[in-house]
1. What single numbered condition from (1) closer than 20 Å to G6 by Cα; (2) surrounded by fewer than 22 Cβ atoms within 10 Å (Cβ to Cβ) fails to hold for V144?
2. Among R588, R538, R560, which is under 28 Å from G28 (Cβ atoms) and surrounded by fewer than 23 Cβ atoms within 10 Å (Cβ to Cβ)?
3. Kindly provide the set of residues from the range 104-134 that are away from the ligand (no atom under 16 Å from the Cβ), among the hydrophobic types (A, V, I, L, M, F, W, C) and either in a helix (DSSP H, G or I) or closer than 19 Å to R172 by Cα (or both), ordered by number.
4. Would you please name the residue that is nearest to the chain's Cα centre (by Cα), looking only at residues in the range 321-356 that are among the aliphatic types (A, V, I, L, M) and surrounded by 19 or more Cβ atoms within 10 Å (Cβ to Cβ)?
5. Tell me, which residue of the range 338-371 that is acidic (D, E) and assigned to a helix (DSSP H, G or I) is modelled with the highest pLDDT?
6. Just checking, how many residues over the range 415-454 are touching a residue at least 24 places away in the same chain (Cβ under 8 Å) and either acidic (D, E) or under 30 Å from E512 (Cα atoms) (or both)?
7. Go through the range 79-103 and report how many residues are in a loop (DSSP other than H, G, I, E, B) and either among the charged types (D, E, K, R) or more than 13 Å from the ligand (Cβ to nearest atom) (or both).
8. Can you work out which of the residues in the range 554-605 that are closer than 24 Å to Y490 by Cβ and without any contact (Cβ under 8 Å) to a residue 40 or more places away in the chain is nearest to the ligand (Cβ to nearest atom)?
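The values are calculated or read from the model by the stated rules, or taken from the named source; none is laboratory data. Small disclaimer: the values here were computed from a predicted structure and weren't measured. Counting neighbours? That spans all protein chains shown, and the Cβs are built from the backbone with ideal geometry, glycine included.
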Amino acid sequence: MCGIVGYIGKRDATPILLEGLHRLEYRGYDSAGIAVVRDGALRTAKCKGRVRDLEQVVPPRFRGSPGIAHTRWATHGEPSDRNAHPHLDTAERIAVIHNGIIENAAALRRRLEGEGVAFRSETDTEVLAHLIAAMPGESLLERVRAALRLVTGTWGLAVLDRDRPESIVVARNGSPVVLGIGDKEMFVASDPSALVRHTKSVVHLDDGEIAEVRADGFASSTLDGGPTEKVRHTVTWTDESFDKGSFTHHMRKEIDEQPDAVRATLSGRLEPRFQTSHLGGIEMTARELLDIRRVKVLGCGSAYIAGLLGAQLIEQLARLPASAEPASEFRYRNPVIEPDTLYIAVSQSGETFDTLAAVQEVKRKGGRVLGIVNVVGSTIARECGRGIYIHAGPEVAVVSTKTFTCTATAFALLALHLGRIRDLSTAQGARLIAGLKALPEQIGAVLAQEADIAGLASQLARAEHAYFVGRASGYPVAMEGALKLKEVSYLHAEAYPASELKHGPLALIAPETPTIVVLPRDDLFPKNISTIEEIRARKGPVFVVTHEGDLPVPVDGVMRVAKSEPELDPILLGLPLQLLAYHVALARGCDIDKPRNLAKSVTVE
Ligand code: HGA
């Protein structure tokens with residue numbers, strides 16, 4: 001979704017801002033723009049298209065400081081040069097960039113038009129520029145504060161005042177704003193990835209906060225004017241970790257990074273002395289964990305599917321009833337919040353709007369929620385206040401790969417911990433610890449079969465529809481496989497519990513419709529073989545992802561993974577399906593890192 005960058009200091013803001021926008025490109029956007037203050041005037045450039053298109057329209061010698069820049073993902077008004085941010089007031093004194101939605105924009109616009117304001121765009125954002133300009137107040141901070149009191153909706157915004165170039169004013173309500181602290185210079189961004197080249201020291205604004213950012217520091221307060229205390233976080237990600245390196249796509253690079261990413265998720269968390277896991281961030285005593293009667297996992301997209309795997313792991317290892325639900329559904333159905341239920345919110349970015357809203361709903365009703373999140377210091381991480389960071393490193397491709405695998409691994413750690421507090425024996429704990437330790441190497445071995453998987457992908461790429469089926473923990477694996485394929489290759493894929501096939505979708509099985517069967521060597525192996533027989537009887541092509549060993553039925557393609565502990569098998573079984581989706585997308589010529597219509601971090605409803 002759209003991005004914000006800002007700079008104030010002695011340097012020329014333009015190259016810093018343009019480079020920051022490139023860093024935010026992965027979030028998905030449709031237009032871009034920039035504004036800087038120079039010699040008492042605002043200079044702006046903006047256009048529909050990519051940041052490289054903006055670079056073409058930025059005039060030579062476009063220099064200045066402070067400056068702000070934006071990548072827009074249109075909500076109000078089509079993607080166009082006119083609707084791109086920044087938006088200016090009539091006198092071109094105030095420049096605003098904004099992420100979010102101003103809900104009362106139509107009424108405010110009518111009011112301002114009645115006062116003679118001529119609007120230049122169709123956006124909701126433009127009302128902010130005119131409102132701020134019209135507000136009384138000595139400082140830009142006071143004017144922005146006064147304007148925001150008239151506004152309802154969500155915002156992450158940055159504002160420049162041509163006549164007050166000593167500060168940038170930023171505010172947050174529902175859309176992230178991060179300040180980067182430099183040496184006599186300050187940075188602003190919607191996401192720390194745009195800052196890490198310049199500083200590792202960041203401060204996250206909270207909803208309802210506003211801040212005046214000067215070259216030598218910042219002061220934050222509430223919209224009512226009460227000062228707020230902020231905590232600095234240190235970002236561990238390096239600038240290089242956002243690059244593709246020698247890979248053609250971020251997705252492929254991130255698939256490859258999984259052995260190290262899982263090592264990082266496990267690092268320091270295995271506790272062989274007591275055959276359990278050590279999860280300092282969950283901040284709950286053994287007594288409190290023992291009081292939990294139920295677990296409910298909330299997430300969206302792949303995070304939700306990882307939650308389904310997580311719920312199964314918790315049921316298996318801790319014998320606690322556990323389930324997962326899309327956060328977007330949960331938040332709107334007036335859920336019953338129970339004091340002895342542990343709610344777990346899963347989000348890679350930690351900014352997913354629906355998941356954040358679900359967390360807030362749980363907390364509002366007095367429930368206890370912990371986060372499983374990748375981005376340190378992100379909104380969901382802070383809102384939960386306790387949880388597990390997966391430490392997967394930056395994920396730039398829109399589709400999740402390594403963060404799915406690392407989230408499932410984090411769930412295994414949590415399930416082990418909850419299990420060992422309950423009835424899971426030391427021998428079982430030791431078995432799982434050994435299984436977890438072996439994962440990184442086993443993941444590496446799956447990735448080494450890429451050439452074979454690419455061969456299968458070239459067959460699958462010709463299909464128009466595909467089914468993914470699995471039983472028990474194989475079903476979420478099938479769901480994630482189907483989602484990956486849909487997202488990156490636009491091939492229509494559906495996931496079903498294997499047992500459901502005969503209750504409906506079997507009607508569509510035909511020679512041109514392949515089925516991918518998740519086939520672990522477990523108790524359900526014979527049942528899955530029967531499913532394969534049923535598909536073959538309808539002449540449907542069958543691909544399987546399975547363990548070593550002979551298959552009692554002929555199939556059209558086999559992807560193999562090493563055998564782990566039964567509870568951990570799904571983590572490995574999912575990996576070939578990531579490579580399969582990647583290679584189908586490659587064969588179909590898709591824009592793998594930026595699939596159409598999708599954005600990385602979904603910060604709107
Ligand atoms: N509502 C504004 C900003 C859009 C946005 O935040 N996208 O993620 C607009 O449409 O310009």
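1. The single condition V144 does not satisfy is (2).
2. Exactly one residue qualifies, and that residue is R588.
3. Within the range 104-134, the subset away from the ligand (no atom under 16 Å from the Cβ) is 110-118, 133-134.
Now drop any that are not among the hydrophobic types (A, V, I, L, M, F, W, C), which leaves 112, 117-118, 133-134.
Selection gives L112, A133, A134.
4. As a first pass, look at the range 321-356 and keep what is among the aliphatic types (A, V, I, L, M): 322, 324, 327, 336-337, 342, 344-346, 356.
If we keep only those that are surrounded by 19 or more Cβ atoms within 10 Å (Cβ to Cβ) too, we end up with 322, 324, 327, 342, 344-346, 356.
Values: A322: 23, A324: 18, A327: 14, L342: 22, I344: 16, A345: 12, V346: 9, L356: 12 Å.
Per the criteria, the residue is V346.
5. The selected residue is E361.
6. 9
7. Kept after step one, since they are in a loop (DSSP other than H, G, I, E, B), are these residues of the range 79-103: 79-86, 89-93, 100-101, 103.
In the following step, the residues that additionally are either among the charged types (D, E, K, R) or more than 13 Å from the ligand (Cβ to nearest atom) (or both) were identified as 81-82, 89-93, 103.
Going through the range 79-103 one residue at a time, the tally reaches 8.
8. Among residues in the range 554-605 that are closer than 24 Å to Y490 by Cβ and without any contact (Cβ under 8 Å) to a residue 40 or more places away in the chain, the one nearest to the ligand (Cβ to nearest atom) is N597.
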